[in-house]
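The numbers here are math on the coordinates, done by the rules we state, and not lab data. The model shown is predicted, which means the values in this text are computed figures rather than measured ones. Cβ placement follows ideal geometry from the backbone for every residue including glycine, while neighbour counts extend to all protein chains displayed.
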């Protein structure tokens, strides 16, 4: 029975959800309205079931519990001199009828006391045969027995020989039930006592009509409230999400000037804030993409133009096939090769294929050897390169990659050292670590620009300026290599005084063992 009721409740909801799961996608507002309205319908159906179908069952169960409790109370206090007052109080409070019976010398039970007989007319007139039968049933059932009896009264005689104007009212056909709770026990005089407690277990027709009328009103009110609340709340919840969705469509079209302004509840506001941050980052990435294309095309076009121009001059003009012109072509070709190599390194980084080949090496010797690459700048342009150190230091890392880091940082210092043309590399040892600093005395970098300088092709000033050395991708490669080594790194700068890039590695001995 219970399973059938559950199926009866959820079957309409399952069908409704099945319809919503069709090929057509429904809006969030439709889903929320449907779910809330379905929940209300389930609540109404449940209310009808408990107040209609199961009401008498619950009423009967409660009455049975009350009868049992009252019978135990009477039995426990039966030898009390105020027992009859207790019985009358119980009958008055619970609308019960209590009958006490004992047997005569022939063993036949007869009533000797009855309380509230107007309620228990059905047990007031019981004969000895019925009472004996109740006694036998209680003895066979451990001293307790429950019996359900009919309590219908013939009402047709009420209108017999009466004449009314108009249509005679029809009497409702009744099917009233009563419960008799029989208990047998022995009093203090060892006398067998049979106690019968009677209570009606069928609700009156007026009570049923009142409950039915109330349920109809409640159902109508619930449905009206469900319609209003489901539409209102679904709109309140769905509208901010729809607004965000419409704004996101503009973002998908490449419009980065939009602003998400979802309001209503915390999750939507947090989503709006997240999307606003994402929009800002996308706009920055888009601007960097444009700058990257412009800068790479510029860096490719300049050496290609020089190579082509000097090649044509050497071909068409006699005597221009000089060592100086050939060196310019070689230098520009080398610059193109460096740019391509850096682009390949960037591709490896993005693909996650760059791997480290660590070994123990002297980082001090590596820096000194690298300074040899700048002899041309020393001789022709007057640059000075200084290494400040007090001892040789060994580290366990990828020597080629660390050399590339130092080389790119020095190249960056060459490009931005200003008129001083002095670059200093400082080696500082403390505890079991070594700190490498690359210092220039250039114009410096504003504090609000420092966080972006590690991005590829980012320039503090947007006016393009070709690097004297390098490709413009160096700092991005430096950041990635140092992250692969899990090294600390950073930059600090003072406008007008210069910039210092630094990184730290763990010191080791010659065999690569930590100090």
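Cβ neighbours within 10 Å, averaged per peptide: list 56-68, 379-391 in order, most packed at the top.
My ranking of the peptides, most packed first, is 56-68, 379-391.
Exposure proxy check: 335, 216 ranked by fewest other beta carbons within 10 Å?
216, 335
Could you line up 473, 343 from fewest to most neighbouring Cβ atoms inside 10 Å?
So the residues, fewest neighbours to most, are 343, 473.
Work the Kirkwood hydrodynamic radius out for the range 176-237: mean of 1/r over every pair of different alpha-carbon atoms, inverted, in Å.
One over the average 1/r among Cα pairs gives 16.6 Å for the range 176-237.
Past the 16 angstrom mark, what percentage of all C-alpha to C-alpha distances in the range 266-345 do you count?
67 percent
Would you list 289, 435, 507 from fewest to most Cβ contacts within 10 Å?
Fewest-to-most ranking of 289, 435, 507: 289, 435, 507.
Calculate the spin-label point distance for residue 248 paired with residue 333, positioning each point 7 Å from the Cα along the beta-carbon direction, and give it in nanometres.
Result: 5.4 nm between the two label points.
In the range 355-508, what is the volume of the convex hull around the alpha carbon atoms, normalised per residue and reported in Å³?
114 Å³
Given the range 359-413, what whole percent of its Cα pairs are spread farther than 18 Å?
35 percent
Among DSSP beta bridges lying fully in the range 355-508, give the percent that are antiparallel, nearest 5.
Among the beta bridges of the range 355-508, antiparallel pairing accounts for roughly 85 percent.
Need one number: nm distance between label points at residue 375 and residue 391, each 7 Å from Cα along Cα→Cβ, rounded to one decimal.
3.2 nm
Express the relative contact order of the range 355-508 as a whole percentage, based on alpha carbon pairs under 8 Å and six or more residues apart in sequence.
27 percent
How would you rank 436-445, 183-192, highest first, on the average number of other Cβ atoms within 10 Å across their residues?
436-445, 183-192
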